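See below for the structure under consideration.
The values are calculated or read from the model by the stated rules, or taken from the named source; none is laboratory data. Computed from a predicted model, the values in this text were never measured in an experiment. All Cβ positions, even for glycine, are placed from backbone atoms using ideal geometry, and neighbour counts span all protein chains on display.
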Amino acid sequence: MKIIVNSKPFDVRSHTLSDILTEVGFDSPAIATAVNGQFVPKKSRAETPINSGDQIEIVAPMQGG
């Protein structure tokens with residue numbers, strides 16, 4: 001299924017947000033997620049279905065100084 005992750009197209013097999021995060025390489029526990037502009041808390045990712053064409057935004061903290 002085709003989705004958009006952080007403005008980039010991906011073709012994925014998974015159908016839940018948590019599985020897609022793993023599939024596209026975002027397995028850090030310190031991230032924030034949104035699907036189609038709606039924030040999805042960490043505890044809801046396993047139950048959040050993803051459909052073809054959905055847009056997922058993933059934000060991770062950056063270290064710097």
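Could you count how many residues in the range 5-42 are of a type in the set (G, A, S), surrounded by 13 or more Cβ atoms within 10 Å (Cβ to Cβ) and under 11 Å from E57 (Cα atoms)? Give the steps one after another, and end with the answer.
First, the residues of the range 5-42 that are of a type in the set (G, A, S): 7, 14, 18, 25, 28, 30, 32, 34, 37.
Going one step further and asking which of them are surrounded by 13 or more Cβ atoms within 10 Å (Cβ to Cβ), we end up with 14, 18, 32, 34.
Restricting the remaining residues to those that are under 11 Å from E57 (Cα atoms) gives 32, 34.
Within the range 5-42, residues that are of a type in the set (G, A, S), surrounded by 13 or more Cβ atoms within 10 Å (Cβ to Cβ) and under 11 Å from E57 (Cα atoms) number 2.
Condition (residue is touching a residue at least 24 places away in the same chain (Cβ under 8 Å) and among the hydroxyl-bearing types (S, T, Y)) applied to the range 24-31: is it met by at least one residue?
yes
Consider only pairs whose beta carbons are under 8 Å apart and that are at least six residues apart or on different chains; among these, list those whose first residue lies in the range 51-65 and is under 16 Å from L17 (Cα atoms) and at pLDDT 95 or above and whose second residue is part of a loop (DSSP other than H, G, I, E, B) and among the hydrophobic types (A, V, I, L, M, F, W, C).
Hits for this filter: N51/M1; S52/M1; I56/I50; I58/F26; I58/I31.
Would you check if I3 is in contact (Cβ under 8 Å) with a residue 12 or more places away in the chain, assigned to a strand (DSSP E or B) and not aromatic (F, W, Y)?
The answer is yes for I3.
State all residues of the range 43-56 that are surrounded by 14 or more Cβ atoms within 10 Å (Cβ to Cβ) and part of a loop (DSSP other than H, G, I, E, B); if no residue qualifies, say none.
T48, I50, D54
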